[in-house]
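Following: one structure in structure tokens, then a few remarks.
The values are calculated or read from the model by the stated rules, or taken from the named source; none is laboratory data. Quick caveat: nothing in here was measured; it's all calculated off a predicted structure. Positions of Cβ are backbone-derived with ideal geometry, glycine not excepted, and every protein chain shown enters the neighbour counts. In case anyone asks, the SASA skips ligands and DNA or RNA and just uses the protein heavy atoms, side chains included. Shrake-Rupley method; radii C 1.70, N 1.55, O 1.52, S 1.80 Å.
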Amino acid sequence: MRACVLTVALLLFAATPALAAEAVSLTGRVTGVMQYPKTETICLAFEGKDKKRYLICDDVTAKDVIETMFALGKKDADCRIDGTVAKKNGDEVYLNITGVGQGG
């Protein structure tokens, strides 16, 4: 019985990180920029074609990717992004973006 409980606990623990590292590939637009002086973090608000909203912050996404996305946002251009879910906090989904390109 003890082994069964331990096995279930280990399975639950092992499955939890996999949820946060879910792969994403989206098309949409940068809709805003937020700066958090307390943590010295800059985040881009991104809205996918499916109307879901995401946050892409410079604490987990490379600076050159953030700059490319910001430039596309200034042009109000669609962009394609690839990456993973960094974390979920209630309704907020934070993404770690590894690739970005213009167009849909």
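Looking only at residues in segment 27-45 that are open to solvent by 60 Å² or more (accessible area, probe 1.4 Å) and in contact (Cβ under 8 Å) with a residue 12 or more places away in the chain, which one is nearest to Val100 (Cα to Cα)?
Taking the candidates together, the pick is Arg29.
Have a look at Ala21, Ala77, Ala3 and point out the one that is at pLDDT below 95 and within 11 Å of the chain's Cα centre (by Cα).
Values: Ala77 fails: within 11 Å of the chain's Cα centre (by Cα); Ala3 fails: within 11 Å of the chain's Cα centre (by Cα).
Answer to the selection: Ala21.
Of all residues in segment 46-87 being among the charged types (D, E, K, R), free of Cβ contacts under 8 Å to residues at least 60 places away in the same chain and assigned to a strand (DSSP E or B), which is least open to solvent (accessible area, probe 1.4 Å)?
Only one residue fits best here, namely Glu47.
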